[in-house]
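A short write-up of the structure that comes next.
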Amino acid sequence: MHKIKNFLRIIIAYFYLLYYRFPQKKLHIVGITGTDGKTTTANFLYQLLSRNGYKVGLISTINAQIGDKKIDTGFHVTSPAPQVVIKLLNQMVQSGIEYAVLEVTSHGLSQNRFAGIHFDYGVITNITSDHLDYHKTYKNYLYAKAKLILKSTLTFINKDDKLSFKQLKQIAFKNSKKVKPYSLEYLSAEYRKLLKKTLKTNYPGVYNQQNALAALVVFAYINGKEISKNDILDLKELKPLTGRFNKIDNQFGINIVIDFAHTPNALFRILSEINNLRNSNEKIISVFGCAGLRDASKRPVMGQIAGKLADMVIVTAEDPRTEKLNKINEQIVSGIKNVNGKYEVEENRQNAINKAISMAKPGDWVVITGKGHEKSMCFGATETPWSDFQAVEKALRRL
């Protein structure tokens, strides 16, 4: 069935490419993939190009930008269907856009949603185990991501992600495709320090430095020159992304952070960074769940990460779909118990957020992850309006 659907997408893609007279050939296209960081990197690059006078469009899983037109994609989305991608590319051409930045997911690559589209540049931010409910094995997942290499003239790969870099480089070598590594180690000590300082307010953490570097490398390549000090300083003007390390101001002195982190790697990164930011007397309260009908193997792993790095974990709902929520939460809790972490289970996400904020003292960190920018939560087969931001507002009003 999957093979038939994937073949049909190729037919659909070429029909629309013919109908719109091959808009992809009139654009310089950058594709960005990775387990984590692809949305942030895509937005970084889009803003860098736009601020420096390039006519550029963007298609990501949280937003799309074509000229002055903003398109909200904040529900449960992966890469759009091929006809949607091609239609958006055509709109870019009609708007006089020359560069297109596309966030490219493993599902999108595996399911031929980018059929007929060649990328001038590809970027792979990192690869860690995810989406095994669909790809079944890490190897399949890796090869799905690696399709971007095969579809790109030149691919930039994060050398700091050592294991996947080695594997992807081998794939590129076997297929005679060009790859170019990027790494924080390649920057001078002065530039690394400047990059960290520039990003620390809105985008703290080494992982965001890697995301920014990926965008800087592609930007410099398009510009035909080396990364400059001014390019790094320009990152100060980047607008914060919804659902990516968003700190919520409040009168109670609590550090409340909303982030989309929904993989073991992303959860580890954000909780590790907050451990670096907090004072010794400040507690971390982690609020998260795991999605139903998705990769179940990551549930105890994420529980173990949160149990180890947070002082208290409140396990709750995150799109249970048709799975039993108590079963999902039990799998998460099994990981927390492995490290003797403190936890509570509160199935109602609003009540979980209420509880976390009510138990926090001034200076403590409440870290709410898994939903980020999303505007709905799925119970059964029904999408119910939901926003972590609104939930935090309600919790703060209760205080």
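In the chain, the longest principal axis of the Cα atoms and the axis of helix 38-51 are about 60 degrees apart.
Between 0 and 90 degrees, the angle of helix 388-398 with respect to the longest Cα principal axis of the chain falls at about 20 degrees.
Going highest first, how would you order 285-298, 49-62, 165-178 by mean Cβ packing within 10 Å? Please report the intermediate quantities before stating the final value.
Details: 285-298: 22.6, 49-62: 19.7, 165-178: 14.3.
So the order, starting with the most tightly packed, is 285-298, 49-62, 165-178.
Dipole magnitude for the range 246-398: computed about the Cα centre from +1 point charges on Lys and Arg Cβ and -1 point charges on Asp and Glu Cβ, it is near 200 debye. Annotation: average projected area of the range 2-237 is 12.6 square nanometres, based on the convex hull of Cα atoms across all directions.
For the pair the range 69-123 / the range 187-241, the C-alpha centres are spaced 25 Å from each other. The order of the peptides 262-269, 218-225 by mean Cβ neighbours within 10 Å, most packed first, is 262-269, 218-225. Averaging 1/r across all pairs of distinct Cα atoms in the range 246-398 and inverting the result yields a Kirkwood radius of 15.1 Å.
Projecting the Cα atoms of Val93, Ser176, His2 onto the charge dipole of the chain, computed from C-beta unit charges around the Cα centre, puts Ser176 farthest toward the positive end.
When only Cα pairs below 8 angstrom with a gap of at least 6 residues are kept, the range 2-237 shows a relative contact order of 22 percent. Take every Cα pair under 8 Å whose residues are at least 6 apart in sequence, average their separation, divide by the length of the range 246-398, and the relative contact order is 31 percent. Can you find, among Leu396, Pro264, Gly31, the residue farthest towards the positive end of the dipole of the chain? Put +1 on the C-beta of Lys and Arg, -1 on that of Asp and Glu. The residue sitting farthest along the positive end of the dipole is Gly31.
A dipole drawn for the range 246-398 from +1 and -1 charges on Cβ atoms has a positive end, and of Leu325, Ala310, Cys378 the residue lying farthest that way is Ala310. In terms of surrounding Cβ atoms within a 10 Å radius of their Cβ, Ile256, Ile227, Ile232, Ile368 rank from fewest to most as Ile227, Ile232, Ile256, Ile368. Taking Cα atoms only, the orientation of helix 138-150 departs from the longest principal axis of the chain by about 40 degrees.
The ranking of Met359, Met92, Met377 by Cβ neighbour count inside 10 Å, starting from the fewest, reads Met359, Met377, Met92. Placing +1 on the Cβ of every Lys and Arg and -1 on the Cβ of every Asp and Glu, with nothing else charged, gives the chain a dipole about its Cα centre of roughly 1020 debye.
Could you list the residues of the range 18-60 with an amide nitrogen less than 17 Å from a label point located 7 Å from the Cα of Lys239 in the Cα-to-C-beta direction? Counting backbone N atoms under 17 Å from the label point, the list is 39-60. Each 20 Å bin from 0 upward holds the following percent of the Cα-Cα pairs of the chain: 27, 58, 14, 0. As a length-normalised measure over Cα pairs under 8 Å and 6 or more apart, the relative contact order of the chain settles at 14 percent. Coupling constants for the range 8-15 follow from the phi torsions by the Karplus curve (6.51 cos²θ - 1.76 cosθ + 1.60, θ = phi - 60°), and in residue order they are 4, 5, 5, 4, 4, 4, 6, 5 Hz; glycine and proline get x. Adding -39500 (n - 2.57) for every DSSP H run of four residues or longer, then dividing by how many residues the chain holds, sets the calculated 222 nm ellipticity at -13500 deg cm²/dmol. Ordering His28, His118, His2 by the number of other Cβ atoms within 10 Å of each residue's own Cβ, fewest first, gives His2, His118, His28.
If packing is taken as the mean number of other Cβ atoms within 10 Å per residue, what is the order of 10-21, 35-46, highest first?
Details: 10-21: 15.4, 35-46: 26.6.
Peptide ranking by packing, descending: 35-46, 10-21.
Quick note: the coordinates plus some simple rules give every number you see, no bench work behind them. Given the structure is predicted, the values throughout are model-derived calculations rather than measurements. Every residue, glycine among them, receives a Cβ derived from its backbone with ideal geometry; neighbour counts consider all protein chains shown.
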